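Here the structure comes first, spelled out in structure tokens, and everything after it is commentary.
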Amino acid sequence: YYQFDFAHYYSPESRITGLGIPAMVAQYTWQSFRGTQIDRLRFIRIGFLLAFRIPAAYTGFSTHSERPSVGNLRFRYQTFEFGESDIHLRSLRDRQQFFDPDEVSKNLGICSASWPLFGVVWQSAQVLAHLMLEYDIAGKRILEIGCGMALPSLVLNQRAADITATDHHPEAEAFLRENTRINTAPEIPFLRTSWSDETSDLGRFDLLLGSDILYEQNHPELLAQFIDRHAQSTSEVIIVDPGRRQHARFSKKMVGLGFRHSQSAVGKTDYLDEPYKGQIIKFQRG
């Protein structure tokens, strides 16, 4: 494949418009297939890495002049190809990013090490997004749980699905709003909620989705109960799991709630940079 990564570095005075002439660092990676012969162009991915002082009106983040050390975030802009369609995505540059000047995340139990995890595009999210590209969604109300960068939701949104996204992270909604904007797509309904919240007005859904969301010891119980509260009596649940140890306990909890369980290999994943060792876990009831 061909991969082009461009890094733009802006001064603190830079704005989204009127950027002037930024310094640019370009990295070009080329890989051939079958020795020195290129059989076909697998994909082209363009990423823009931005580092600048964040204008609150653009990002949805609050500013805090007393915390200049965390006043800069670095973003990555990528284009993901889905058949004949593209999804453009702004995510965090990497897992070193952190911005919680008012300690909103801290008060929600999100520590600095966990803070950036929502803002990375994980392999499991890409797998789920590709699965949703041609999945039967007719007449279904759909919920993405723990959406993070919400790549599957953005794919479904392009298909005019009835999709709602949720996440516990306080900044997930701002990223979702920006990513729907840069894709010139309709807004996706979003609710910030905890899996332990029994009072949310989400309602019930026909299809519930999640990718790599079973990574804490208490997640199987919390997630199973959350799904039980928000799944229709006839419904389907799809979890793409990279092979974390919690999925067996989660499956047992779901079966105990009346869901039928099945799992399968992911299959072809040539759109990923590395082999994927996870699986697709499905639950049905009704």
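The values are calculated or read from the model by the stated rules, or taken from the named source; none is laboratory data. Keep in mind that what you see is a predicted model, and the values were worked out from it rather than measured. Note: ideal-geometry Cβ built from the backbone for every residue, glycine included; neighbour counts use all protein chains shown. Just so you know, the surface numbers come from the protein's heavy atoms only, side chains and all, with ligands and any DNA or RNA stripped out. Shrake-Rupley method; radii C 1.70, N 1.55, O 1.52, S 1.80 Å.
Hey, any idea what % of the range 67-161's accessible area is carbon plus sulfur with a 1.4 Å probe? Ligands and nucleic acids excluded, carbon and sulfur reach 46 percent.
The figure for residue 130 is an accessible area of roughly 50 square angstrom, using a 1.4 Å probe on the protein chains alone. Residues in the range 203-219 carry Karplus couplings, in order, of x, 10, 10, 8, 9, 10, 10, x, 9, 6, 10, 10, 10, 10, 4, 8, 5 Hz; the curve used is 6.51 cos²θ - 1.76 cosθ + 1.60 with θ = phi - 60°, and Gly or Pro positions show x.
Distance between the 7 Å Cα→Cβ label points at residue 257 and residue 113: 2.8 nm.
Quantify, in whole percent, the carbon and sulfur part of the accessible surface of the range 162-286 (1.4 Å probe; protein heavy atoms only).
Details: 2720 of 6020 Å².
Carbon-and-sulfur percentage of accessible area, whole number: 45.
Each peptide in 221-228, 149-156 was scored by the mean count of other Cβ atoms within 10 Å over its residues; highest first, the order is 149-156, 221-228.
Note on residue 233: accessible area approximately 90 square angstrom, rounded to 10, probe 1.4 Å, nucleic acids and ligands left out.
Output the Kirkwood hydrodynamic radius of the range 98-210, Cα pairs only, in Å rounded to one decimal. With all distinct Cα pairs of the range 98-210 included, I get 14.6 Å.
When the trypsin sites (Lys or Arg not before Pro) in the range 84-152 are filtered for DSSP coil states and for at most 14 other beta-carbon atoms within 10 Å of their beta-carbon, the remaining sites are 95.
Per-residue accessible area (protein heavy atoms, 1.4 Å probe) orders 173, 144 as 173, 144, starting from the largest. If we count every other residue with Cβ under 10 angstrom of residue 94's Cβ, Lys/Arg +1 and Asp/Glu -1, where does the sum land? Net local charge, residue 94 excluded: +4. Ordering 234-243, 96-105, 182-191 by mean Cβ neighbour count within 10 Å, with the highest value first, yields 234-243, 96-105, 182-191.
So which trypsin sites (Lys or Arg not before Pro) in the range 182-286 are both in a DSSP loop and have at most 14 other Cβ atoms within 10 Å of their Cβ?
Numbers: sites: 192, 204, 229, 244, 245, 249, 252, 253, 260, 268, 277, 282, 285; in loops: 204, 244, 245, 268, 277.
In loop regions of the range 182-286 (DSSP not H, G, I, E or B), the sparsely surrounded trypsin sites (Lys or Arg not before Pro) are 204, 245, 268, 277.
Sorting 147, 111 by solvent-accessible area of protein heavy atoms yields 111, 147, largest first, with a 1.4 Å probe.
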